[in-house]
Amino acid sequence: MLVSALLTSVGINTGLCFLFFILYSVLRKQPSNYEVYIPRLVAEGKSKRRSHFNLERLLPSPGWVKKAWKLSEEELLSRSGLDAVVFMRIIIFSLRVFAFAGVIGVFILLPINCTGDQLEDIDFVNFSNNSLDVFTISNVNNGSNRLWVHFCAVYVVTIFVCFLLYYNDTKKLYRRLIHMQADPTQQKYKRNSCFGLFGRKVDLVDHYEKKLEDLEENVRLEQSEVSLAGEEARAAFVSFNSRYAAATAFHLQQGIDPTQWLAEEAPEPHDVYWPFFSSSFMRRWISKLVVIVACILLTILFLIPVLVVQGLTNLSQLEVLFPFLKSILTLTFVSQVVTGYLPSLILQLFLKIVPPIMEFLSSIQGYISHSAIERSACNKVLWFTIWNIFFATVFSGSVLYQVSIFLDPTNIPAKLGVSVPAQASFFIAYVVTSGWTSTSSELFRIIPFIWSLLKRPFVRDTDEEFEVPSIPYHRDIPRILFFGLLGITYFFLAPLILPFLLIYLCLAYIIFRNQFLNVYEPKYETAGKFWPIVHNSMIFSLVLMHCIAVGIFTLKKLSLASTLIFPLPVLTLLFNEYCRKRFLPIFVAYSAETLVKKDREDQNDPSMLEFLDKLVTAYQDPALLPIQFSVHSDGLNSPLLSSTEV
């Protein structure tokens, strides 16, 4: 790809970003669009429609940027929960990494690449006709001592990323979780959302009574279905007098055959996914196999648009396949759009359908909570993107060719060393198209806005209740992590990608903080369980970078550097193993020490005793006897087990 094609792509996407910003700044002020751009404030009663005309409503203004910037992490935590904090931590973590790597890449590595003459000299007179390859490590002479600077950069950035994973993010989240679990200040009043940590303060007894009523209704509905079928209930919520007792029962094997009696921690009431709640072990196991096969087939089918996109980046190949386009492709602007902008746009449009499909596949995999489904979908989308966008683009060829590469692991570093630098220009354009424009369109909310316009003539009741949307983490987290993979793997190969990544992350930082403030409302809470996905993705990116470094230094006739890289992935994986032992358990289950401490605190809580009396009374209701149940642990009550017996 030429510099001119990249500049065309940057120009088009920059124009779209400014257009979305201006339209949002104007449309968000119109009362008729409040339910699109500030639905959360409307639902909370903090924004009322004003019918009188105001000229200021027609002028774009950046006031929303200031409000989003001033939003503190504590405010974000209280309004949107720990998952929102984790999401913003991903962006902040990436900003720190690529700001540090950007200084090294842009001010040290990029000049070294440009002053090499392995490929060609840079023509500063006709700069736009230069190939982007002259800005990559490919332009450094083979065997040059300058390559040792790239070698040192790989080590330095690896150490910096591991340092951040341990001290700026994982350790902080770990401490926050511990603080939440051991906070003794929750007495008469508590927060009204998950784990009793977030939201407005409500009376504890009223809060539990409402949840109890909801669960009673669910039980009665389940009982009516069971009685019609003439069968006993296959699953139930089981409560315990203490958290410690619940944790003990949860970790014990309940029967001789572990597949006949399954026990797992119950989700909070709004998080329960009922279709698989009473499913047997065999049904869940078969569902999982079906989903695995479906994911493999989807991955193979998606290679078709990837190959089409690769064809668009090669004008000579395109002219051979479509001779009638030859005269059009000779136009400079058309060729620049086709090679620089169109491939990334087509790929992005195809990727739009992946998150909903993965969410559907995860929903039939056997999970009993919406949050577990979303985490599973997040993992699927992430690895689907890594395989189909990164590896399929790098090893552009047949499916059998791609599989054969991984069947011979010894050749992987060499293949990566050849193929990855060659695709640098494509991924730079991909960051601009998929990153800048997609994030700006998130602000503009194109689909909700169009849907609002279409239904407006048919809806007369403006006081009708509407559902406040929740952020689709399984769509946005994989995108950020994939860009993180691109940044880590390309920072020493093609450091020109780093400024574009930093611009994307700055846009994401402001835009998503604004969306958490005005648009999205949490429906359930995973207590930060998305972070292990982030950690694993970063470790994978680092190891992939090390493999590429081994291959590139071998090709560049610097065998000693290749040899000295080998300890780096080993040390990185050892660091990962330590983090798994040190931090992962707190994301999986509460410690016995924490549970006992909170049990002792509850013994002297009068509101808790009052609630337990009401619970005992509820159990005496004859309608509830066949199925025992209780509310899920949300700060003060005992955790629940959801048990399934075949």
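The values are calculated or read from the model by the stated rules, or taken from the named source; none is laboratory data. Remember, it's a predicted structure, so these values are computed and weren't measured experimentally. In this analysis, Cβ positions are derived from the backbone assuming ideal geometry, glycine residues included, and neighbour counts consider all displayed protein chains. Remember, those area values only see protein heavy atoms, side chains included, never the ligands or the DNA or RNA. Shrake-Rupley method; radii C 1.70, N 1.55, O 1.52, S 1.80 Å.
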Dipole of the stretch 448-553 [Lys/Arg +1, Asp/Glu -1 at C-beta], most positive-end residue of Leu505, Phe491, Phe458: Phe491
To the nearest 0.05, what FRET efficiency results for Val156 and Leu19 with a Förster distance of 51 Å applied to their C-beta separation? 0.80
Can you figure out the FRET efficiency of Asn145 with Ile292, using R₀ = 51 Å and their beta-carbon distance, to the nearest 0.05? 0.55
Taking the simple approach of a point 7 Å from Cα along Cα-to-Cβ for both Thr259 and Ala422, what is their distance in nm? 4.7 nm
List the residues of the stretch 466-498 whose backbone N lies under 16 Å from a point placed 7 Å from the Cα of Gln118 along the Cα-to-Cβ direction. 490-496
Compute the length gained on full extension between Ile300 and Lys557: take 0.36 nm times their separation in residues and subtract their Cα-Cα distance, giving the result in nm to one decimal. 88.9 nm
Over 26 Å (Cα to Cα) among Lys288/Lys352; Lys46/Lys523; Lys380/Lys581; Lys352/Lys581 -> Lys352/Lys581
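Full extension from Arg96 to Leu307: what is 0.36 nm times the residue separation minus their Cα-Cα distance, to one decimal in nm?
Numbers: separation 211, 0.36 × 211 = 75.96 nm, distance 3.44 nm.
Extra length from Arg96 to Leu307 when fully extended: 72.5 nm.
How much length is gained if the chain between Trp451 and Lys581 is pulled fully straight, taking 0.36 nm per residue apart and subtracting their Cα-Cα distance, in nm to one decimal? Mind dumping the intermediate values first?
Numbers: separation 130, 0.36 × 130 = 46.80 nm, distance 4.79 nm.
Value of the extension gain: 42.0 nm.
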3J(HN,Hα) from dihedral phi, the stretch 74-89, Karplus parametrisation 6.51/-1.76/1.60, rounded to Hz, x for glycine, proline: 5, 5, 4, 4, 6, 8, 10, x, 5, 4, 5, 5, 4, 4, 5, 4
Take Phe566 and Ser131, extend 7 Å from each Cα along the Cα→Cβ direction, and tell me the distance between the two endpoints in nm. 3.3 nm
State in Å² the accessible area per residue of the stretch 406-521; use a 1.4 Å probe, count heavy atoms of protein chains only, and round to the nearest integer. 36 Å²
